Amino acid sequence: MEIVIVPDAAAGGELIAAAIADLLIRKPDALLGVATGSTPLPIYEALATKVRETDLDVSRARICQLDEYVGLPKGHPESYRSVVLREVVEPLGLTESSFMGPDGSAEDIAAACLAYDQALAAAGGVDLQLLGIGTDGHIGFNEPCSSLASRTRIKTLTERTRVDNARFFNNLDEVPHHVITQGIGTILEARHLVLLATGEGKADAVALTVEGPVSAVVPASALQLHPHATVVVDEAAASGLKLADYFRATWAAKPSWQSI
Ligand code: F6R
């Protein structure tokens, strides 16, 4: 696992957007897995700026969703489908045809989950999966004690996650209890995992993820099992890392030809 400590969220966004740009130059039709929430917004802004201001061509990029609320009406502005279309797909000049996600309003949720796992595999698998991290250590919406082998399925949000996400809704009661999320096993199949964490509120979860044991109680610790996982943290989110100086030195000494 590579740990990169950046000064702030904007620098994290720039670094990861550059890695996505490199990927799209190597593989123009790459499948990019995107997370929602506040943390990845600087990545999407930096990437959209590159598209506007450079000759980076993202027209063949494909975008896929990590997770989705269950039970919000189709087109709800806070459904993750709407959020990804608004924050990622449209600013990149792409259309819905470049985008895939699980159907959180399906009658048969179990079938929708299975269909999504199959659709990801049929699309050739995710090339780069962006991840945030919950204050409780979740990735996607794999809450603590999710199976490390789990596939896309329905999960129940912890109260802590519902409270964390209430800022996107009018009140806590509006936050759904259920979600569809790519499983940890599904996430681990992506070719490159890139987790961004910013702010002091994520420091404990980051320390447990990076320096703690691999454990279902900290779902993000499963990244330790992946051969190509990058964790980008700002100074505040890095504040609980015992090996922070080592991570800084490693980054400073990294050969210039090696990307994340
Ligand atoms: C949402 C997702 C979640 C968030 C996490 C952090 O698609 O994957 O795991 O990344 O809840 O959310 P923020 O970034 O809002 O703190």
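Where a number appears in this text, it was derived from the coordinates with a stated rule and is not lab data. Just so it is clear, the structure is predicted and the values come from calculations on it, not from any experiment. Virtual Cβ from ideal backbone geometry, glycine too; neighbours counted across all protein chains shown.
At-a-glance table
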{"quantity": "Sum of -39500 (n - 2.57) over DSSP H runs of 4+, divided by residues of the chain (222 nm, nearest 500)", "calculated": "-9000 deg cm²/dmol"}
{"quantity": "Added length on full extension, which subtracts the Cα-Cα distance from 0.36 nm per residue, Asp108 to Ala18", "calculated": "28.5 nm"}
{"quantity": "Glu159, Glu235, Glu14 arranged by Cβ crowding within 10 Å, fewest neighbours leading", "calculated": "Glu159, Glu235, Glu14"}
{"quantity": "Length added when fully stretched, His228-Lys27, from 0.36 nm per residue minus Cα-Cα", "calculated": "70.6 nm"}
{"quantity": "The range 151-190 versus the range 63-138: alpha-carbon centroid distance in Å", "calculated": "12 Å"}
{"quantity": "For Ile63, distant residues with modelled amide H under 5 Å away", "calculated": "Leu32, Phe99, Met100"}
{"quantity": "Gained length - Ser38 relative to Gln118, 0.36 nm times residue gap less alpha-carbon distance", "calculated": "26.0 nm"}
{"quantity": "Cβ-based net charge around Ala115, under 13 Å, with every Lys or Arg adding one and every Asp or Glu removing one", "calculated": "-3"}
{"quantity": "J(HN,Hα) series, the range 86-96, from Karplus relation 6.51 cos²θ - 1.76 cosθ + 1.60, nearest Hz, glycine and proline x", "calculated": "6, 8, 10, 5, 5, x, 8, x, 9, 10, 4"}
{"quantity": "Likely footprinting exposure, Thr186, Thr158, Thr181, fewest C-beta neighbours within 10 Å first", "calculated": "Thr158, Thr186, Thr181"}
{"quantity": "Relative contact order (%) - the chain, alpha-carbon pairs under 8 angstrom, separation at least six", "calculated": "24 percent"}
{"quantity": "The range 101-155: C-alpha gyration tensor shape, a/c 1.5 cut-off, then a/b vs b/c", "calculated": "oblate"}
{"quantity": "Cα-centred dipole magnitude for the range 131-260, charges only on beta-carbon of K, R (+1) and D, E (-1), debye, nearest 20", "calculated": "420 debye"}
{"quantity": "Dimensionless Rg ratio for the range 97-231, taking C-alpha atoms and the 2.2 N^0.38 Å reference", "calculated": "1.04"}
{"quantity": "Net charge, Ala205 excluded, C-beta distance under 13 Å - Lys, Arg +1, Asp, Glu -1", "calculated": "-4"}
{"quantity": "Net charge of Cβ neighbours under 15 Å - reference Ser97; Lys, Arg +1; Asp, Glu -1", "calculated": "0"}
{"quantity": "Volume per residue that the Cα convex hull of the chain spans, once the total is divided by residue count, Å³", "calculated": "118 Å³"}
{"quantity": "DSSP-defined antiparallel bridges as percent of all bridges, the chain, nearest 5", "calculated": "30 percent"}
{"quantity": "Dipole of the chain, positive end: most advanced residue of Leu85, Thr181, Leu225 [Cβ charges, Cα centre]", "calculated": "Leu225"}
